[in-house]
Amino acid sequence: MQKRTLVILLIILAVAAFLRFYRLGALPPSLEWDEVATGYDANSILKTGRDQYGNWLPLAFRSIDDYKPPLYTYLTAASIAVWGWNDFAVRFPAALLGTLAIFTTYGLTYALFASQPVALLTAFFLAVSPWHVGFSRLALETNSTIFFMTAGTWAFLIGRKKGVFLPVAALFFGLNLFLYHNARVFVPLLGLGLLILFWKDVWRQKKYSLISAVIILLFLVRLIPIVTSIEGQMRFQGTSIFTPALTEEMAARKTNYNLWLADDSTANTGVIGKLFHNQYAFYGLLILKNYLTHFDPSFWLFTNDYVRHHVSEMGILYFIDLPLLLLGWYFLLRNANRKITLLLLLWFLLAPIPSAVTRDVPHALRSEIMLPVFQIVIAWALVTLYSRLKRKPFFKQAFVAIMIILYAANISFFLHQYFVHFAKDTSRGWQYGRAEAAQFADSIKADYDQIIVSTELEQPHVFFLYYLKYDPAHYLAEGGTISGGWAENRNHFDKYYFKRFDFDQERTARQLYIGLPTDFPRHVVPIKRINYLNGEEAIWIVRG
Amino acid sequence: MINNIKNQKSKIKNSLVKISGITLFWIIVSALLLVVTRFGLLGILPPGGANSFWFRLPTACASVLSIIFATLIIYKLSANKKLVLFSGLFLAISPWHIEQSRIYSPAMLGLTVSLGGVFAATLTRKSFVRLLILVITGVMFYLVYPSVWIFNGIHFSLTINEFLQNLFKLISVDFLFYHNDSFWAGGFRTQGVLLVSYLPLLLPGLWYLLTNFKVSHIRLLLPFLIFWILAASNPLFPDQREFFLVIPYLAVATAYGAVVFLQEFESGKFIVKTMLIMFAVFFVYEQILFFHWYTVHYHNRIKNERIYELEKF
C-alpha cells in the first residue's frame, strides 16, 4: 500500500470513527428495548455467567422472547468490562465493528477490483452512508454482520491464492451465524455462491479448504440444534408473514381473498376460486412483493419503514447515489469481470431474501446486509465515468468538482438532520422517557409499598432493570425474568411490578403507578409527566 | 445505388405483408383477444347503466386504434416483426389497457390521439407538415382529454420532496405490480399496472434498450418523461391517470424482453428451456387469473361501489 493511500484510508477511518462514536451514548436519544435487553444480559453474563432468565452462558439469549443470537451480547459483556455499565458501553461494539467494517470493505473492494481509487471511494461512501452510520450507533446485531460478511468475503478472495486465509474466512462466516438471524439464511446462500463461482480456486487449495469445511461444520453442529428448536424459531414466528398476527396491508389482502372466494362459491363451483385465490398464490405473491420492495427507489430515498431507521426528509441512500448506482450496475454488467459482477449481483439479490418472509417490509434494518454492495457499485460508477473523460482535463476537473459539491450537499444535509433534529423527531420511536421514569420512581420508592409499571410501556421490566442498574445476582435470586411475552404480567423485582392495570379498580394509597397517559382515566393528575423531546406526553407517574 | 436496392430488398423481406404461418397465427390470436377483451359484454362489464354500451363504445374503438397505431409506429421505427407482434400482444392483454378500454376514459382517447399524431408524423419528412400535425394533435388531445390537470388552471403545489416521492411511486414495485391506486372510480386497487409475471420480461427488455441506447433515442423518450412528470406533479396525486399514457413504452420494453426470451429459448440448453417453460406457465396462469378476477371480482366490486354511491349520494 502506498503511503498516500494509507493516509487517505486513515483519514476515512477517522471520519468513520467520528461519525460512529461522537455522542454515541446520547444519540439516538435513548436505548430501545433490544438495546437495554442486550445491555442487561451482557452485564448479567459478566457478573454471574447467566442471563436474566438464569441460563448459564447461553448460545441463544431469550431476551425479550426473541432468542437473540449470542455473539453481540458477549461482545457487549467485554465492552462493559472495559467501559463500565453505561449506554456508551452497550453501543460500543456496534460502533467499533461499524468502523472496522470500513476497513474490511476497503480490503474486500481492493481484492475485487485491484483498484485503490475504487476501494478508497467505497470505504468513504460506507463511512458516510446514512444507512450504515445510523445503524452503527445502535446496540443491534445487524450492523455488525456487515463487518463479518466483508471480512469473511475478503479473506475468501485472498484465500483463493493464499490458502491459509480460507479458514479465516470460514471463521468469520461461522461467527456470523451466531450474530444475526438473517445471516443464518444469507451466509449459506452467499457461501454457496462463492463456492460455485470460485470452485476451481477452492479445489486447488485442498488442504485449507478441508480445514475450512471442518470449521464450518463445527459451527453448524452447534447451530442446527438451536435453529431447529422451538426456542430458536421464536424469532421467525414473531416476525414472519405466516403468523396469525397480520399487518394492516396483509389483513386487507386476506379480506380481499376471502371476498373473492365467496364470490367464486356463488358464481361457480368454487373450484376456480381455489385454483386462483389459494394460500399458495396469496403467500407466493406476497413474498415476491416483499422481496421486490427492497429494490424500490422509494424505499432507498424516502424510506417508509420505521421512523427511527432514517432521518426526516431523507431515506437510507443519498439522492445522488441513485443515478450513480444505476450507472455502476450498467458499467459492471457491460464491461467488468464477469465473476466479480456475478458475486456483487448475488450479494445484492440474495440479501433481501430473509426479510422477504417477514412482516413490515421493506425493512431497512433487516435488509442492511445488502451493504456495502451499493457503495462498491457507486464507487465503480464514479471511477469508470472519470476514466472515460479522456484527454480532457477540464471535464475531469469539472466532473470531480460537481461530484464533490453534490455529495457535500447530500452528506451535510444528512449530518444536520441526524445530529440536530433526529433525537427530537424520533424520540417516541426510541422509547424515550423510560430512564427518567425509572430514576424518578426510584427516588421516591421509600414512600410506597409497590410500584406498578404498565406493560403498555413495552417490555418495561428490562428498561427498569437496566436504568436502575439492578444487581443481576440479586435479580436472579428473586427469580429473574419470567418471560418477555407481551401479555406477561408476572415480571417483578424489588418493589416493581410489571403488569396491565385498571387504575380506578386497583389503586391503593401505598402504590405508585407508571404508564402511558392512556393507561389512566382522564380525571387523574400525575405527580410527574415525562415528555418526548418534541413535547408530546410520553409517561405519567401517578400516586395510587 | 446498390445500398438502396439492398435496403429495399431488406424492407420487402421484413415487410408485414410477407408473413409466415406462425406470424399470422399470432396476429389472429392478438386480434381475437383484442376484440373479445374490448367489445365482449361491453355494456355490462363493468356494470353500468342502460346506455353504457354506446357510452363506452368510442373508448373501446379508440383502444383498438391505439394498438394499431402503436404497432405501426414500432414497425416504422424498428422494422422488427417479432417486436411489433409482441408489443401488440402485450398491449392487447395489458390489464390497465383493458380496464381503460371498457369505461369512458379520456386518458385512452388522449393516448389514441397522441399515437395517431406520432404515426402521422412518421409518414412525412417535411418539417412544416410535422409541425402542423403536432399542432392538430395538441388541439385534439386537449379536446378529448381536457381533464389533464394543467388544462384546468390548477397550480403546481407540491414540494420538491413530494414531487420526487410521486415520481418514484409511479415506478415502484407496489404501484407497477400490486396496487394501481391512480384512479379511484373504476381503478385497479387490488392489481398493479402490470402483472408480476411481466417483470422477467420487462427487466431484460429494459436492459436491451439500455445497452442499445443512442443519444438520438432521447427524442423517443421525451413523451415518456413528459407524461411521467405530468402524472407525478398532479396536485391530486395519486388520483390521476396521466401515467396511463406511458403504457405503450411499458409494452415495448416488455416486448423486447419477450424477443430476448424467445432467442434464449431457441438457443438455450435443456435447463434454460425448462426454466423458461416454467416461467411461461406462470405467465399464462397469471394472465388467466387476471381475466378471471376482472370478469368475476372486479365486476362485483364495481357493482357494490355503484350501489353505495347511489345510496349515499
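The values are calculated or read from the model by the stated rules, or taken from the named source; none is laboratory data. Model, not experiment: these values are computed from the prediction. Note that each Cβ is placed from the backbone with ideal geometry, even for glycine, and that neighbours are counted across all protein chains shown.
Suppose the filter is more than 14 Å from chain B (Cβ to nearest Cβ), over 30 Å from A:Thr73 (Cα atoms) and touching a helix residue (DSSP H, G or I) at 6+ places or on another chain (Cβ under 8 Å); does A:Leu190 pass it? Steps first, answer last, please.
Values: more than 14 Å from chain B (Cβ to nearest Cβ): yes; over 30 Å from A:Thr73 (Cα atoms): no; touching a helix residue (DSSP H, G or I) at 6+ places or on another chain (Cβ under 8 Å): yes.
Spelling it out, it is not the case that A:Leu190 is more than 14 Å from chain B (Cβ to nearest Cβ), over 30 Å from A:Thr73 (Cα atoms) and touching a helix residue (DSSP H, G or I) at 6+ places or on another chain (Cβ under 8 Å).
Go through (1) without any contact (Cβ under 8 Å) to a residue 60 or more places away in the chain; (2) under 30 Å from A:Ser44 (Cα atoms); (3) touching a Leu at 6+ places or on another chain (Cβ under 8 Å) for A:Gly515 and report which single condition fails.
For A:Gly515, the exception is condition (1).
Only one of (1) more than 9 Å from chain B (Cβ to nearest Cβ); (2) in a loop (DSSP other than H, G, I, E, B) fails for A:Met250. Which number is that?
Only one criterion is unmet by A:Met250, namely (2).
Here is a yes/no grid of residues against (1) surrounded by fewer than 13 Cβ atoms within 10 Å (Cβ to Cβ); (2) under 20 Å from the mean Cα position of the chain (by Cα); (3) without any contact (Cβ under 8 Å) to a residue 60 or more places away in the chain:
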| position | (1), (2), (3) |
| --- | --- |
| B:Phe265 | no, no, yes |
| B:Phe282 | no, no, no |
| B:Glu286 | no, yes, no |
| B:Ile302 | no, no, no |
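Does the range B:205-245 hold any residues that are surrounded by 20 or more Cβ atoms within 10 Å (Cβ to Cβ) and free of Cβ contacts under 8 Å to residues at least 60 places away in the same chain, and which are they?
B:Gly205, B:Phe227
Would you call B:Gln191 crowded, with 19+ Cβ neighbours inside 10 Å and over 27 Å from B:His292 (Cβ atoms)?
no
Criterion first (within 13 Å of another protein chain (Cβ to nearest Cβ) and assigned to a helix (DSSP H, G or I)) does A:Lys207 satisfy it?
No: the conditions fail for A:Lys207.
More than 30 Å from B:Ile288 (Cβ to Cβ) and surrounded by 22 or more Cβ atoms within 10 Å (Cβ to Cβ): is that true of B:Ser114 in this structure? Outline the logic, then answer.
Numbers: more than 30 Å from B:Ile288 (Cβ to Cβ): yes; surrounded by 22 or more Cβ atoms within 10 Å (Cβ to Cβ): yes.
It is true that B:Ser114 is more than 30 Å from B:Ile288 (Cβ to Cβ) and surrounded by 22 or more Cβ atoms within 10 Å (Cβ to Cβ).
Which residue, of B:Thr137, B:Thr124, is touching a helix residue (DSSP H, G or I) at 6+ places or on another chain (Cβ under 8 Å) and in a helix (DSSP H, G or I)?
B:Thr137
Within the group A:Ser63, A:Ser79, A:Ser129, which residue is among the polar types (S, T, N, Q), farther than 30 Å from A:Phe331 by Cα and either touching a His at 6+ places or on another chain (Cβ under 9 Å) or modelled with pLDDT of 95 or more (or both)? Break it down stepwise before answering.
Values: A:Ser63 fails: either touching a His at 6+ places or on another chain (Cβ under 9 Å) or modelled with pLDDT of 95 or more (or both); A:Ser129 fails: farther than 30 Å from A:Phe331 by Cα.
Just a single option satisfies the conditions, and that option is A:Ser79.
From the list B:Leu167, B:Leu158, which residue is surrounded by fewer than 21 Cβ atoms within 10 Å (Cβ to Cβ), within 14 Å of chain A (Cβ to nearest Cβ) and within 27 Å of B:Leu209 (Cβ to Cβ)?
Criteria check complete, one pass: B:Leu167.
Looking at the range B:48-86, which of its residues are farther than 19 Å from B:Ser101 by Cα and of a type in the set (Ser, Thr, Tyr)?
B:Tyr75, B:Ser78
Would you pick out the residues in the range A:65-74 that are buried (at least 24 other Cβ atoms within 10 Å of the Cβ) and over 16 Å from A:Pro225 (Cβ atoms)?
Scanning the range A:65-74 gives A:Lys68, A:Tyr72, A:Thr73.
Name, by its number, the condition in (1) more than 20 Å from B:Leu111 (Cβ to Cβ); (2) crowded, with 21+ Cβ neighbours inside 10 Å; (3) more than 16 Å from the chain's Cα centre (by Cα) that does not hold for B:Thr274.
Status for B:Thr274: all satisfied but (2).
Residue check: is B:Ile226 more than 14 Å from chain A (Cβ to nearest Cβ) and in contact with a helix residue (DSSP H, G or I) (Cβ under 8 Å, 6 or more places away or on another chain)?
When the stated conditions are applied, B:Ile226 does not pass them.
If a residue must be assigned to a loop (DSSP other than H, G, I, E, B) and either at pLDDT below 90 or of a type outside the set (A, V, I, L, M) (or both), how many such residues does the range B:164-193 contain? Spell out how you get there, then give the answer.
Residues of the range B:164-193 assigned to a loop (DSSP other than H, G, I, E, B): B:171-172, B:179, B:181-187, B:189-193.
Imposing the further condition that a residue be either at pLDDT below 90 or of a type outside the set (A, V, I, L, M) (or both) reduces the set to B:172, B:179, B:181-187, B:189-192.
Final tally of qualifying residues: 13.
Between A:Ile215, A:Ile241, which is in contact (Cβ under 8 Å) with a residue 12 or more places away in the chain, over 23 Å from A:Lys274 (Cα atoms) and among the hydrophobic types (A, V, I, L, M, F, W, C)?
Only one candidate qualifies: A:Ile215.
Find the residue count for the range A:245-261, including only residues that are surrounded by 15 or more Cβ atoms within 10 Å (Cβ to Cβ), closer than 18 Å to A:Arg359 by Cα and either among the hydrophobic types (A, V, I, L, M, F, W, C) or in contact with a Phe, Trp or Tyr (Cβ under 6 Å, 6 or more places away or on another chain) (or both). So that I can check it myself, show each step before the final result.
Start the filter on the range A:245-261 by keeping residues that are surrounded by 15 or more Cβ atoms within 10 Å (Cβ to Cβ), which leaves A:249-250, A:253, A:256-257, A:259-261.
Okay, now just the ones that are also closer than 18 Å to A:Arg359 by Cα, so A:249-250, A:253.
From the residues that got through so far, the ones that are either among the hydrophobic types (A, V, I, L, M, F, W, C) or in contact with a Phe, Trp or Tyr (Cβ under 6 Å, 6 or more places away or on another chain) (or both) too are A:250.
Counting residues in the range A:245-261 that are surrounded by 15 or more Cβ atoms within 10 Å (Cβ to Cβ), closer than 18 Å to A:Arg359 by Cα and either among the hydrophobic types (A, V, I, L, M, F, W, C) or in contact with a Phe, Trp or Tyr (Cβ under 6 Å, 6 or more places away or on another chain) (or both) gives 1.
If you go through the range A:114-173 one residue at a time, how many are in a loop (DSSP other than H, G, I, E, B) and crowded, with 22+ Cβ neighbours inside 10 Å?
The number of residues fulfilling the criteria is 4.
So in the range A:262-275, with the set limited to residues that are surrounded by 12 or more Cβ atoms within 10 Å (Cβ to Cβ) and more than 10 Å from chain B (Cβ to nearest Cβ), which one is nearest to A:Ser355 (Cα to Cα)?
A:Lys274
When you check B:Ile150 against the structure, is it modelled with pLDDT under 90, part of a helix (DSSP H, G or I) and away from chain A (no Cβ under 14 Å), yes or no?
Numbers: modelled with pLDDT under 90: yes; part of a helix (DSSP H, G or I): yes; away from chain A (no Cβ under 14 Å): yes.
Taking the combined requirement at face value, the residue satisfies it.
Just to verify a result, which residue in the range A:287-305, among those that are of a type outside the set (Phe, Trp, Tyr) and either more than 9 Å from chain B (Cβ to nearest Cβ) or in a loop (DSSP other than H, G, I, E, B) (or both), is surrounded by the fewest Cβ atoms within 10 Å (Cβ to Cβ)? Let's see the steps before the verdict.
First pass over the range A:287-305, keeping only residues of a type outside the set (Phe, Trp, Tyr): A:287-290, A:292-294, A:296-298, A:301, A:303-305.
Narrowing further to those that are either more than 9 Å from chain B (Cβ to nearest Cβ) or in a loop (DSSP other than H, G, I, E, B) (or both): A:287, A:290, A:294, A:296, A:303-305.
Details: A:Ile287: 17, A:Asn290: 23, A:His294: 23, A:Asp296: 21, A:Thr303: 22, A:Asn304: 15, A:Asp305: 19.
Filtering first and then ranking leaves A:Asn304.
Taking the condition among the β-branched types (Val, Ile, Thr), surrounded by fewer than 15 Cβ atoms within 10 Å (Cβ to Cβ) and away from chain A (no Cβ under 14 Å), does B:Thr124 pass? Walk me through it before giving the result.
Working: among the β-branched types (Val, Ile, Thr): yes; surrounded by fewer than 15 Cβ atoms within 10 Å (Cβ to Cβ): yes; away from chain A (no Cβ under 14 Å): yes.
Yes: the conditions hold for B:Thr124.
Can you list the helices (runs of 4 or more DSSP H) lying wholly within the range A:306-389 that have 2 or more residues being within 12 Å of chain B (Cβ to nearest Cβ)?
Of the helices (runs of 4 or more DSSP H) lying wholly inside the range A:306-389, those with at least 2 residues that are within 12 Å of chain B (Cβ to nearest Cβ) span A:321-335.
So, restricting to helices (runs of 4 or more DSSP H) that lie completely within the range B:229-313, which ones have at least 1 residues that are within 13 Å of chain A (Cβ to nearest Cβ)?
Answer list for the range B:229-313: B:270-292, B:299-312.
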